[in-house]
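Student: Sending over a structure as structure tokens; questions will come in a sec.
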Amino acid sequence: MNKYKSMRAARLTSVVAVTVALGTGTVLGTSIATADSSVQPDPKGSLLYDRLEKNSDGSLKTNGTGGYFVTAPYTDNAITRKVGQLSVGGLCTATVLDSPTGSLAITARHCVDGGDATIESGKATFTPAWHDGSRPYGTWIVDKAFVSDTPVDGSVPDVAVLAIRPSAEKKTVASATGGGLGIHPALSSTQSVQATLLGYPGPAPYHLKLMSACVGDYTYYPGAGRSAVRRVGTQDECHVGGGSSGGPYVTRTAAGAKIITVLNSSGGSVISGVAPRLIDDAEQWIKAKYPDLGTGGGNLPSTGSAGL
């Protein structure tokens, strides 16, 4: 088995072909990132544009296939500090969720499938804002994963909500990262939003150490299962590779940054309906497991997640 979860991350093949206006740097009237071998929309004005690394000439640094690099330290940004590396046998990406207990994170279901023994033994971990060996908020234990077997768009949704073990030192993971992100309402097939995908890819030049970013416009494809939320037909998908599975697609809203889905391969499942139910289940479990959470009570681990 690879040390990080396998992810095809292939460019979309079922979408409308893209025509490039040679010499103009535009695709169907949209400016593109011409430094890449894949056709990408102009990321200017995107949610984390100011956090994308630049080359000495001022151009954006890329991996050559649509992926950008997030500027470290990731703790300096209210979004990137909530995204981290997840280890459940293989390596994936997860994100702290906005929740009453402050003890939840979200990832892709395939990142936790087959990981029950690892989770039950206390060896599954989440490290927010991980950067090249640095663990600014510590490493937190994943206590339990919540998933749904009810099909959405014809497939079991590729999403999991994680209960993150609190610690006496940090109380909750959200208290360490300054809160979490919420879930975006469902997209319609006639609606598109600009979103930034964040993750920790294994392949070069990221090597599971650096956070990647992909920027594009996303919409809903009814009946498309685990790829029902993906790029609009006029844009190539970004390719960064395995390890970024479970990473959030984050978009700007009037109520702050929200997650539209989490990465499966090329896009993700519709999660707007199932995620709130999983969050509620996980919240109830956390409250039952740690009734003194937030009160300074004595049943929290004396050494804990952040002490790893």
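The values are calculated or read from the model by the stated rules, or taken from the named source; none is laboratory data. Small disclaimer: the values here were computed from a predicted structure and weren't measured. Quick reminder, even Gly has a Cβ in these numbers, built from the backbone with ideal geometry, and neighbours come from all protein chains shown. These accessible areas exclude ligands, DNA and RNA; they are computed on the full protein's heavy atoms, side chains included. Shrake-Rupley method; radii C 1.70, N 1.55, O 1.52, S 1.80 Å.
Let's see how each residue does on (1) within 22 Å of residue 111 (Cα to Cα); (2) touching a residue at least 24 places away in the same chain (Cβ under 8 Å); (3) of a type in the set (A, V, I, L, M, F, W, C):
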residue	(1), (2), (3)
144	yes, yes, no
147	yes, yes, yes
152	yes, yes, yes
155	yes, yes, no
158	yes, yes, no
166	yes, yes, no
173	yes, yes, yes
192	no, yes, no
197	yes, yes, yes
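Student: Check 171, 144 and return the single one that is over 27 Å from residue 241 (Cβ atoms) and either modelled with pLDDT of 95 or more or under 14 Å from the mean Cα position of the chain (by Cα) (or both).
Tutor: The conditions single out 144.
Student: So residue 145 passes all but one of these: (1) assigned to a strand (DSSP E or B); (2) aliphatic (A, V, I, L, M); (3) open to solvent by less than 20 Å² (accessible area, probe 1.4 Å). Which condition number does it fail?
Tutor: Going through (1) assigned to a strand (DSSP E or B); (2) aliphatic (A, V, I, L, M); (3) open to solvent by less than 20 Å² (accessible area, probe 1.4 Å) one by one, residue 145 breaks only (3).
Student: Give 56, 103 a once-over and let me know the one that is open to solvent by less than 10 Å² (accessible area, probe 1.4 Å) and small (Gly, Ala, Ser).
Tutor: 103
Yes/no matrix, rows are residues, columns are (1) modelled with pLDDT of 95 or more; (2) surrounded by 19 or more Cβ atoms within 10 Å (Cβ to Cβ); (3) within 30 Å of residue 233 (Cβ to Cβ):
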site: 40; (1), (2), (3): no, yes, yes
site: 48; (1), (2), (3): yes, yes, yes
site: 61; (1), (2), (3): yes, no, yes
site: 65; (1), (2), (3): no, yes, yes
site: 80; (1), (2), (3): yes, yes, yes
site: 87; (1), (2), (3): yes, yes, no
site: 91; (1), (2), (3): yes, yes, no
site: 96; (1), (2), (3): yes, yes, no
site: 109; (1), (2), (3): yes, yes, yes
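Student: Would it be correct to say that residue 204 is closer than 17 Å to residue 53 by Cα and at pLDDT 95 or above? Even if it seems obvious, please write down each step before you answer.
Tutor: Details: closer than 17 Å to residue 53 by Cα: yes; at pLDDT 95 or above: yes.
Taking the combined requirement at face value, the residue satisfies it.
Student: Considering segment 262-278 alone, what residues qualify as being open to solvent by 30 Å² or more (accessible area, probe 1.4 Å) and farther than 22 Å from residue 195 by Cα?
Tutor: If the condition is that a residue be open to solvent by 30 Å² or more (accessible area, probe 1.4 Å) and farther than 22 Å from residue 195 by Cα, then 277 is the only one that fits.
Student: So residue 54 ticks every box in (1) touching a strand residue (DSSP E or B) at 6+ places or on another chain (Cβ under 8 Å); (2) modelled with pLDDT of 95 or more; (3) under 29 Å from residue 271 (Cβ atoms) but one. Which box is left unticked?
Tutor: The single condition residue 54 does not satisfy is (3).
Student: For residue 118, state whether it is at pLDDT 95 or above, over 17 Å from the mean Cα position of the chain (by Cα) and not in a loop (DSSP other than H, G, I, E, B).
Tutor: Considered against the rule, which asks whether it is at pLDDT 95 or above, over 17 Å from the mean Cα position of the chain (by Cα) and not in a loop (DSSP other than H, G, I, E, B), residue 118 comes out as yes.
Student: Kindly provide the set of residues from segment 215-230 that are within 18 Å of residue 198 (Cα to Cα) and either of a type in the set (Ser, Thr, Tyr) or at pLDDT below 95 (or both), ordered by number.
Tutor: Correct list: 218, 219, 227.
Student: Does residue 199 qualify as being modelled with pLDDT of 95 or more and under 26 Å from residue 53 (Cα atoms)?
Tutor: Working: modelled with pLDDT of 95 or more: yes; under 26 Å from residue 53 (Cα atoms): yes.
It is true that residue 199 is modelled with pLDDT of 95 or more and under 26 Å from residue 53 (Cα atoms).
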